[in-house]
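A short worksheet on the structure shown next.
The values are calculated or read from the model by the stated rules, or taken from the named source; none is laboratory data. Computed from a prediction, not measured in an experiment: that's the story for all the values here. Please note: Cβ atoms are built from the backbone with ideal geometry, for glycine as well, and neighbour counts cover all protein chains shown.
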Amino acid sequence: MNRTSRPSEDFLTDPVFHVSSLDAVAWLRAQASESVDLLITDPAYESLEKHRAIGTTTRLKHSKASSNDWFAVFPNARFPELFAEAFRVLKRNTHLYLFCDAETMFIAKPEAERAGFRFWKPLVWDKKTIGMGYHYRARYEFILFFEKGKRRLNDLGVADVITVPRVHRGYPAEKPPAVSAILVEQSSARGELVADPFMGSGSVGVAALEAGRRFTGTDLNPEAVRLTTERLRAFAPDAANDARREPEQLGFIDTRP
């Protein structure tokens, strides 16, 4: 969309959401500098493939228990270009949240700092029930909290442990919108633009639109784009006709109320 934020009472004059099916870094490079108010994302980090190889993430691949195919892994070697572009597209005094595991945290943190971000701390998403793993099965996931410039959180009383049940039998590694809703409310204002370059089935977009923000995102999987579009149209039932075309043919979806 490449627009600056509008006052909250005017935001519905802009497209409510804009999604595409592109490589995350290529998509970020196409965005205007300092055009995004908040970035929340969950790359398919490299260590997931390692766990799948030893049989601890079978629920994430195509099997009798799941109709989902395994998604493309984002290599650790690409984190420098990802963070460089994320820093460029974010406005001054904004936040970046990155979902990751304990292994990826030690790779992502220094690369984000080299790109210019300030690292504050890892937040913990407590999923309430155990899931994947080999030694001590995982019940939590990290959310790395970075800052560009200086922006005060909207509520300084929120804890650094977010307790929300995991999504069962959903899209691979799907995040509940309730987790992203806290991040959206903490680090943005009504009418501002929230971005996710690895949007999956659109949980960040759902959280953003429910909170009166706008959303833009991308995912390499056309099925993810279809699912996201379907979910987000609930906030824009009178979407333009072009938004109903196949994403792989359209290249982008621009939905207006």
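When segment 122-164 is examined, which residues are found to be among the aliphatic types (A, V, I, L, M) and within 12 Å of residue 99 (Cβ to Cβ)?
Across segment 122-164, the qualifying residues are 123, 124, 143, 144, 162.
Considering only residues that are of a type in the set (Lys, Arg) and modelled with pLDDT under 90, which ones fall in segment 212-257?
Passing the criteria: 244, 245, 256.
Show me the strands (runs of 3 or more DSSP E) found entirely inside segment 75-174 where at least 2 residues are touching a helix residue (DSSP H, G or I) at 6+ places or on another chain (Cβ under 7 Å) and over 17 Å from residue 28 (Cα atoms).
Per the criteria, 118-126, 140-148.
Can you list residue pairs whose Cβ atoms sit under 7 Å apart, with the first residue in segment 82-101 being more than 13 Å from residue 123 (Cβ to Cβ) and at pLDDT 95 or above and the second being surrounded by fewer than 23 Cβ atoms within 10 Å (Cβ to Cβ) and hydroxyl-bearing (Ser, Thr, Tyr)? Count only pairs 6 or more apart in sequence or on different chains.
88/33; 89/33; 89/35
Give me the pairs: first residue in segment 141-160 and under 20 Å from residue 79 (Cα atoms), second residue of a type in the set (Gly, Ala, Ser), beta-carbon distance under 6 Å, and six or more apart or on different chains, which are they?
Short answer, once both residue conditions are applied: 146/112.
Scan segment 214-237 residue by residue and report those that are assigned to a loop (DSSP other than H, G, I, E, B) and without any contact (Cβ under 8 Å) to a residue 24 or more places away in the chain.
Correct list: 237 only.
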